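Encoded as structure tokens, the structure appears first; notes follow it.
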Amino acid sequence: MTEVFVVGTDMIRFGRFPHRTVANLGGEAALLALDDAGLTIKDMQALYCGNNILANRMVGQQVLREIGQTGIPVVNCANACATGATAFREGWMAIKSGVYDLVLCVGVEQMGKGLLGSGEVETGISPEGILGSMTTPSVFAHVGMEHSRRYGTTFEQFAKVSVKNHHHSSFNPKAMYQVETPLEEVMNAEMISYPNTKLMCSVNVDGSAAAVLASEKMAKKLGLMSRAVRVRASALTSDPFTDRNLTTPDFNAVTRLAAGVAYEMAGLGPDDIDLVELHDCFATAEIVHYENLGLCADGEGGRMIDSGETALGGRIPVNVSGGLLSKGHPLGATGIANIYELTTHLRGEAGQRQVEGARIGMSHVVGLGTACAVHVLEKA
Amino acid sequence: MTTETGSADLKPMTPFIKHHADGRPYLSGSKCGACGEVYVGERSTCARCAARGVMETVELSTKGKLYNFTVVHRSFPGVVTPFVSAIVELEGGGSLKGNLIDVEPDPKTLKFDMPVDVVFADAGKADRQGGRYLTYFFKPQNAQVRA
Ligand SMILES: [Zn+2]
């Protein structure tokens with residue numbers, strides 16, 4: 001089977017664009033990624049489009065109306081917060097299987113402000129505040145509290161994740177925020193669901209990101225290998241049965257399963273990874289995923305954030321883009337924005353936030369419901 | 001607020017709240033005859049081992065332990081905060097999410113694995129047609145038992 005390469009990728013600066021359409025936002029990222037590759041929509045053989053909120057609105061076709069209706073097949077993907085990564089993976093599979101040589105993957109989302117979801121129900125009464133809490137800050141507070149239960153992880157340790165990622169995004173011009181948030185500010189911010197304060201919740205923003213994938217033959221034929229990045233592994237899992245997972249989602253098992261598949265496919269181990277973009281939808285989530293992705297032993301997640309090992313300049317920098325906490329989290333765009341971030345570092349083009357000498361990067365997303373995608377990229 | 005008398009007039013908050021012939025509410029569950037996994041609610045196929053046709057309907061315990069909790073300070077509009085969202089493991093199997101009541105909503109005073117009882121009560125809210133609902137809550141086992 002052919003190797004698969006990212007030959008073009010880009011994202012718009014995440015923000016709030018209430019007066020634009022999803023199609024227009026997606027189209028902008030698509031054109032940026034095509035420009036990065038030096039190609040046009042006429043070169044693309046298929047489009048894989050990730051959008052979660054308008055999953056039944058044929059967003060991929062709408063994107064093509066913005067940038068060129070060439071009649072190519074479009075696959076629209078929705079997989080909660082793993083939506084963008086799933087679209088990217090569909091494109092990877094199409095090339096890997098030899099069906100196409102050049103495809104476009106786009107992820108786009110337009111979000112509202114504030115808490116996702118609502119307490120409104122059509123019939124009966126909402127269970128929120130009666131049968132516990134189903135808000136996303138609460139779901140991920142439970143994830144952090146389970147880690148506290150096992151290893152004594154503290155509110156302060158979780159808060160430090162947010163300090164780190166906000167610091168990282170101060171070097172990322174495409175992040176929603178470029179603002180430092182000291183520890184006291186994070187811990188004293190409005191408590192949403194203990195231990196997640198408002199500054200420990202990801203930012204709901206609008207955004208889009210795109211990637212052009214090519215087979216080895218095509219990347220060489222077009223002379224695109226000098227900035228190409230190889231996809232070493234692509235893994236997607238659903239939640240396996242574990243104790244309590246029908247009551248409270250288990251993001252650990254689904255991630256461990258995907259990480260295992262990805263490491264095996266890549267023929268690599270955690271020590272080979274130079275940087276990681278992982279799913280810090282809430283500060284509590286980042287620490288558990290250090291362990292789930294094998295970046296440290298079980299129970300050492302708290303020590304990892306205390307020691308600075310996951311900060312820019314540390315042993316294994318995590319979320320140097322600013323992560324979902326500060327770059328922002330437009331659901332369908334997030335998985336492809338991760339690909340953009342890794343590719344930018346592997347090309348040595350990340351400027352002030354460059355992870356020096358980065359050769360191999362890992363991206364990770366989890367979608368509530370539950371899905372996990374892990375990708376490993378390598379400098380070609 | 002825990003008025004079990006007359007609870008049959010209330011609609012169940014979830015399908016797994018059922019009533020005995022004498023009107024007492026209980027939690028209905030399932031047990032897999034192949035692997036022994038216990039589920040909240042009635043089902044025919046096992047999510048754990050995929051066995052079919054060997055699921056037995058069981059009554060779940062109303063005693064359990066606090067596995068996990070968070071104190072919720074901001075929720076959807078109209079939801080009274082703070083409250084404690086709890087995950088409880090029931091004796092004999094099955095786990096439930098629900099509000100833990102009759103405690104201070106303070107993470108410092110809540111203890112993992114503290115024993116709790118499942119109690120049935122009016123959910124405290126009515127639907128648009130004025131219908132009222134029977135729900136379950138968790139209560140610390142050493143708390144004052146209602147009169
Ligand atoms: Zn079974």
*Residue check: is A:Ile41 at negative phi and surrounded by 18 or more Cβ atoms within 10 Å (Cβ to Cβ)?*
yes
*Evaluate the range B:4-11: report whether one residue or more is open to solvent by less than 50 Å² (accessible area, probe 1.4 Å), outside any strand (DSSP E or B), away from the ligand (no atom under 16 Å from the Cβ) and within 12 Å of chain A (Cβ to nearest Cβ).*
yes
_Residue selected from the range B:56-81 under the condition facing chain A (nearest Cβ under 8 Å) and outside any loop (DSSP other than H, G, I, E, B), by the criterion surrounded by the most Cβ atoms within 10 Å (Cβ to Cβ)_ = B:Thr70
*asked:* On the basis of being more than 16 Å from the ligand (Cβ to nearest atom), away from chain A (no Cβ under 11 Å) and open to solvent by 10 Å² or more (accessible area, probe 1.4 Å), does B:Pro25 make the cut?
replied: yes
*Tally of residues being open to solvent by less than 10 Å² (accessible area, probe 1.4 Å), over 17 Å from A:Ala373 (Cα atoms) and aliphatic (A, V, I, L, M) across the range A:269-314*: 3
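Condition check ((1) within 19 Å of A:Leu331 (Cα to Cα); (2) hydrophobic (A, V, I, L, M, F, W, C); (3) modelled with pLDDT of 95 or more) across all residues:
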position	(1), (2), (3)
A:Val7	no, yes, yes
A:Arg16	yes, no, yes
A:Gly27	yes, no, yes
A:Asp35	no, no, yes
A:Leu39	no, yes, yes
A:Gly71	no, no, yes
*Just one of B:Val119, B:Val84 is within 12 Å of chain A (Cβ to nearest Cβ), out of contact with any His (no Cβ under 8 Å at 6 or more places or on another chain) and closer than 27 Å to B:Leu10 by Cβ; which is it?*
B:Val84
*When the range A:147-190 is examined, which residues are found to be of a type in the set (Gly, Ala, Ser) and either away from chain B (no Cβ under 13 Å) or part of a helix (DSSP H, G or I) (or both)?*
A:Ser148, A:Ala159, A:Ser162, A:Ser169, A:Ser170, A:Ala175
*If you check B:Pro107 against the conditions, is it away from the ligand (no atom under 16 Å from the Cβ), open to solvent by 60 Å² or more (accessible area, probe 1.4 Å) and at pLDDT 95 or above?*
no
*For the range B:33-55, name all the residues that are in a strand (DSSP E or B), open to solvent by 30 Å² or more (accessible area, probe 1.4 Å) and within 11 Å of the ligand (Cβ to nearest atom).*
B:Thr45, B:Arg52, B:Met55
*Unique match (being among the hydroxyl-bearing types (Ser, Thr, Tyr) and within 14 Å of another protein chain (Cβ to nearest Cβ)) among A:Thr136, A:Thr83*: A:Thr136
*Go through (1) of a type in the set (Gly, Ala, Ser); (2) over 16 Å from A:Leu275 (Cα atoms); (3) in a helix (DSSP H, G or I) one by one and return the number of the condition A:Gly299 breaks.*
(3)
*Checklist (1) under 22 Å from A:Ser193 (Cβ atoms); (2) surrounded by 23 or more Cβ atoms within 10 Å (Cβ to Cβ) applied to A:Lys113, failing item*: (2)
*State yes or no: is B:Gly94 surrounded by fewer than 19 Cβ atoms within 10 Å (Cβ to Cβ), of a type outside the set (D, E, K, R), at the interface with chain A (Cβ under 9 Å from one of its Cβ atoms) and out of contact with any Asp or Glu (no Cβ under 7 Å at 6 or more places or on another chain)?*
no
*Taking strands (runs of 3 or more DSSP E) that do not extend beyond the range A:1-81, which have at least 2 residues that are touching a Gly at 6+ places or on another chain (Cβ under 9 Å) and of a type in the set (Val, Ile, Thr)?*
A:4-11, A:74-77
*Taking the range A:99-109 only, how many residues are over 20 Å from A:Leu39 (Cβ atoms) and surrounded by fewer than 24 Cβ atoms within 10 Å (Cβ to Cβ)?*
0
_Out of the residues in the range A:332-353 meeting the condition of being farther than 12 Å from A:Leu275 by Cβ, out of contact with any Leu (no Cβ under 9 Å at 6 or more places or on another chain) and among the aliphatic types (A, V, I, L, M), tell me which one is surrounded by the most Cβ atoms within 10 Å (Cβ to Cβ)._
A:Ile336
*Please work out if B:Thr62 is in contact (Cβ under 8 Å) with a residue 24 or more places away in the chain, among the β-branched types (Val, Ile, Thr) and away from the ligand (no atom under 16 Å from the Cβ).*
yes
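Every residue, every condition in (1) part of a loop (DSSP other than H, G, I, E, B); (2) among the hydroxyl-bearing types (Ser, Thr, Tyr); (3) farther than 23 Å from A:Met265 by Cβ, yes or no:
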| position | (1), (2), (3) |
| --- | --- |
| A:Thr310 | yes, yes, yes |
| A:Ser321 | yes, yes, yes |
| A:Gly328 | yes, no, yes |
| A:Thr343 | no, yes, no |
| A:Leu377 | no, no, no |
*Return the total of residues in the range A:241-268 being within 14 Å of another protein chain (Cβ to nearest Cβ), surrounded by fewer than 22 Cβ atoms within 10 Å (Cβ to Cβ) and under 21 Å from the mean Cα position of the chain (by Cα).*
4
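The values are calculated or read from the model by the stated rules, or taken from the named source; none is laboratory data. The shown structure was predicted, so the numbers you read here are calculated from the model rather than taken from an experiment. We place every Cβ from the backbone using ideal geometry, glycine too, and count neighbours over all the protein chains shown. Heads up: the accessible areas ignore ligands, DNA and RNA and are worked out on the full protein's heavy atoms, side chains in. Shrake-Rupley method; radii C 1.70, N 1.55, O 1.52, S 1.80 Å.
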